[in-house]
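Here's the structure we're looking at; comments come further down.
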Amino acid sequence: MHVTKIEKNIYLVDVETAGIENFIASYILKGETIAIVETGPASSIPNLLSGLEKLNVRPDDVAYVAVSHIHLDHGGGVGTLLKHLPKAKVIVHHRGAPHLVNPEKLWQQSKQVLKGIAEIYGMPEPVPEDRIIAAVDGMVFDVGNGVQLKVIETLGHASHHLSYYEPLSNGIFCGDAAGVYLSEFDVHVPTTPPPFRLDIALASLDKLANLKPRVLYYSHFGKASDGVRKLQTYGEQLKLWAKVAKQGLEKRENLGTIVDRIVAEDEFLKKAEGYIRAHPILSHTVFNESVLGIVDFVEKHGSLL
Ligand SMILES: [Zn+2]
């Protein structure tokens, strides 16, 4: 567990799920009270709690726990975390809320899709319904001293995905809406598992870019400058993947061949290929799930090109 101060009022806790560094971030916002953005999975909640302790956060002072969406690596730990935070309310997209109250279906589906990775993340615990705020676009949550979270509905990665705009730092907690950012290589790579919606994801990226953020706070992983440009180049990268997928489908190529051609054509991916292939989780999610999501979209809806 590492804690880093990244803005005047914002701290990053590397929750180091399964000992993997620089992969899943939780953000702590300090105003008069505290907000937490993203919990990471259930299995690394002990690390997040150590981070809160290190920051001298009193459990009673945490007003909000906001999650971008309910996938296990983002909101899987909410139920476990809440047991330690007596006054905190959970902010989640209204379509995700029922799955936090009753996570059984989410857990079964996660095991099917993620296989062993689901076990690494751990089984989510239920969240009491009266502690959930079913959020809609435009809601604002204030923790004092000018620190706020404004809900921006950014669907596409999932049908229940939210980002959060933070005006004091002019930054956006973008969840999985802007991909996975690998700071070591200064590249982003798609996180687009089925049932990914390219058309909706591109509209979400425009919506975020229109806010003209100075910085992005990626859940995977960390703070990055040049926010608007990154949102735009991520959109271009998604379109490139869709173009390659369309060509591959026309030639009846198998998934492995389509992956090889994406790597050959995507400069960002090429730069970080070795790192991703050696990564215990990204090797599966990028080269299988993300490619599958794009191919699935193109099969159903075309490449938009
Ligand atoms: Zn994720």
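The numbers here are math on the coordinates, done by the rules we state, and not lab data. Remember, predicted model here, so these are calculated numbers, not experimental data. Ideal geometry is used to build each Cβ from the backbone, glycine not excepted, and the neighbour counts take in all protein chains shown.
Within segment 6-45, the GluC sites (Glu not before Pro) that combine a DSSP coil assignment with at most 12 other C-beta atoms in a 10 angstrom radius are GLU21, GLU32.
Against the main long axis of the alpha-carbon atoms of the chain, helix 45-54 sits at an angle near 50°.
Counting every alpha-carbon pair across segment 162-231, the share separated by more than 21 Å comes to 17%. Of all the C-alpha pairs in segment 147-193, what % are more than 17 Å from each other? When every Cα pair of segment 147-193 is considered, 41 percent fall beyond 17 Å. Shown here: segment 197-305, whose C-alpha atoms stretch 42, 32, 19 Å along the first, second and third principal axes, sorted largest to smallest. Among beta bridges identified by DSSP and lying wholly in the chain, the antiparallel ones come to about 70 percent.
Listed by chain and number, the aspartates and glutamates whose alpha-carbon sits under 13 Å from that of LYS271, ignoring those within fewer than 8 places in the same chain, are GLU184, ASP186. From the P(r) of segment 1-144, can you give the percent of Cα pairs sitting at distances over 23 Å? Taking all Cα-Cα pairs of segment 1-144, the fraction more than 23 Å apart is 29 percent. Residue-wise HN-Hα couplings along segment 206-214, as the Karplus relation 6.51 cos²θ - 1.76 cosθ + 1.60 with θ = phi - 60° gives them from phi, are 4, 4, 5, 5, 5, 7, 6, x, 6 Hz; Gly and Pro carry x. Within the same chain, lysines fewer than 8 places from LYS87 are excluded, and of the rest, those with a Cα less than 17 Å from its Cα are LYS30. Convex hull volume of the Cα atoms of segment 97-142, normalised per residue: 106 Å³.
Cα extents for segment 254-298 along the principal axes, largest to smallest and rounded to whole angstrom: 27, 21, 15.
The charge dipole of segment 170-305, taken about its Cα centre with unit charges on the Cβ of Lys, Arg, Asp and Glu (plus for the first two, minus for the last two), comes to roughly 280 debye. For segment 49-89, the equivalent ellipsoid derived from the alpha-carbon gyration tensor has semi-axes of 18, 11, 9 Å in decreasing order.
Across segment 87-194, the volume of the C-alpha convex hull divided among the residues equals 141 Å³ per residue. For segment 54-119 versus segment 249-284, the inter-centroid distance based on Cα atoms is 30 Å. When the alpha carbon gyration tensor of the chain is reduced to an equivalent ellipsoid, the three semi-axes, largest first, read 31, 20, 18 Å.
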